[in-house]
Structure formats: structure tokens, C-alpha cells
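Quick note: the coordinates plus some simple rules give every number you see, no bench work behind them. A quick note: this is a predicted structure, and the numbers were derived from the prediction, not measured. Ideal geometry is used to build each Cβ from the backbone, glycine not excepted, and the neighbour counts take in all protein chains shown.
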């Protein structure tokens, strides 16, 4: 039976809630364990037996953390709307044909930057991550634009830029995963969609690009509106498996819209690559989090092994 300290550490490891909510949950469980232990001590058990029994009655840390997650993970409608807002703004930008208006573009960029700075300084609330995803899109978009450089410059620029871009995205994703891998997936959600629409447009010819942009504008607006609904549903859903299912299903649905809209330019091969990229960005953070946690466990065990070896060495010398 784990001690109270190990039990609480195990619970916090799997809780995956906002810092304030997590602190309140841990405080309530601590108070519950103390009250239960006090009752058992009064009934005649020793302090050690009472603590062990109280932990056993509470249940496995993993099961308790899952139950607490389902109780506290549901965001309010206000949080859901604010998390969906960046996607709604992009949808409105294309629905009303405002992408050529510099005022609206600058206003959108300022809103994104301001929201990201505010949310990051406020402890990374759940609504932050959809906004943060749009800060990564320019990094990816520049990589796509490198394709249209003349001659051998394409390969030179891509070789220099792509590793740097991947490093930036990986660093930000890794920081997000420390909170919850689902938030990293939520952050990366718009990237394959934006890349898909960029590939669907003839970027090397400005006249054709403008004509296609007007042609695809309703579908582009629709794809980002569906994305906004996905995010709002994600915030309101309680169960983790349902959150994953919502992201996976609607991401594929949006990519189908992209594939059908840009069918003449993307082609089946390009559409398939976008789907695989979407799956990688959606489920990759879960695998990365698993590896990070395995590394943390190994590092946590290493000091214990070193201490055990040191104590064994001291005992051997004494003998």
C-alpha cells in the first residue's frame, strides 16, 4: 500500500486539470483522508493502519484521478466560446471576403498575439491553445512558400528552414504536453487544414490565386466554422475518450472538405498526405508524452538507486 505522499503524487500525475482546480481537488482529498484516518484511529486502529485503510477505501489513484477529471474537466460555455473564437474569426474573414483588407488582417493578428500573451501569463488556461496554434501557422506557411522559389534555391532554403521550423514547433508542443497532450493536439489542429488550403491554391500566379481564393472562400469559411464547433465541443465534453473522438472525427471531416474543394490541385496523393499529417499531429503528442513520462520515471528512480548503492557501500565499510 502506498504512503499518503506517494498516493497524492500519483493522483496529481494523472489528474490533468488546470493548476487552480487541481490544487483544490488535492486539498479536498487531503482533508477527506485526514478525516477518515482520524475516524479510524478513534475506532482503535494505529495511525499507520488508519492511513493505509483510508487510502485503500479511497481507491486507486488512477481511478480517482479519472473520476475527478470527468467531474472538473468540463469547461464553461464562456470558455468554449472563447476557445472557438479564433477559428470563428478566420471563418468570418473568408465568409465576408475580408482577407485582402489590411485593417482586418492586422486586427486579427493583434487579437491572436494579445490573447496568447495574456493566456500564457495567466497559467495557460484551456482556451489559450487554439489561439496558440495560429502562432505556429506562419512557421509552417513559410515552409510551403519556399516551394515556389526559383531553381535550386528551393532545396537550399528548405534544407535550412525546415529543421528550424520543426524545432520551434517541437519546443512549443513539448511545453504544452507538460500540461496535457490533448491540449497539444488542440493547438496543432488547424495546421494541416491551413496547409491543405495553401496547397489547393496556385500561389505562384497572383491572378489565379485571387480567383481561386474567391472560389474556395465559402468552403474555407465552412472548414474553420466546423473547426470552431470541434473546439467548443472539446471544451464541453467531460470524458477523455470522447474528446479524442471529437478531434479525430471532425479533423478528418474538415480534411474531406479541403480535399473536395481543392480536388483539382491537391489530388488524392496530397489529400492522403494531409490526412496522415493530421493523424500524426493529433496522436503524436500522446506518444511524446508517454516517452517524456517514462524518462521522468527513470530519472526519479536513478537517485534512489544511487542512494541505495551509497548506503550499501557505507554498510560494507562499517562491517
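Miscellaneous remarks
- Inter-label distance for residue 14 and residue 26, nm, one decimal - labels placed 7 Å from Cα along Cα-to-Cβ: 1.7 nm
- Look at the Cα gyration tensor of the stretch 4-70: its axes a ≥ b ≥ c give a/c of at least 1.5 with a/b over b/c, and that counts as prolate.
- Full extension of the chain segment joining residue 210 with residue 238 gains 5.8 nm, where the gain is 0.36 nm per residue of separation less the Cα-Cα distance.
- Residue 49 paired with residue 63, simple spin-label distance in nm, labels 7 Å along Cα-to-beta-carbon: 2.4 nm
- Highest-first arrangement of 87-100, 125-138, where packing means the average Cβ count within 10 Å: 125-138, 87-100
- Rounded if a/c under 1.5, otherwise prolate or oblate - the stretch 81-138, Cα gyration tensor axes: prolate
- Å³ per residue enclosed by the Cα convex hull of the stretch 33-141: 157 Å³
- Förster-model FRET efficiency, 41 Å R0, residue 34 and residue 166, C-beta, rounded to 0.05: 0.25
- Euclidean distance between Cα centres, the stretch 1-42 to the stretch 58-123, Å: 30 Å
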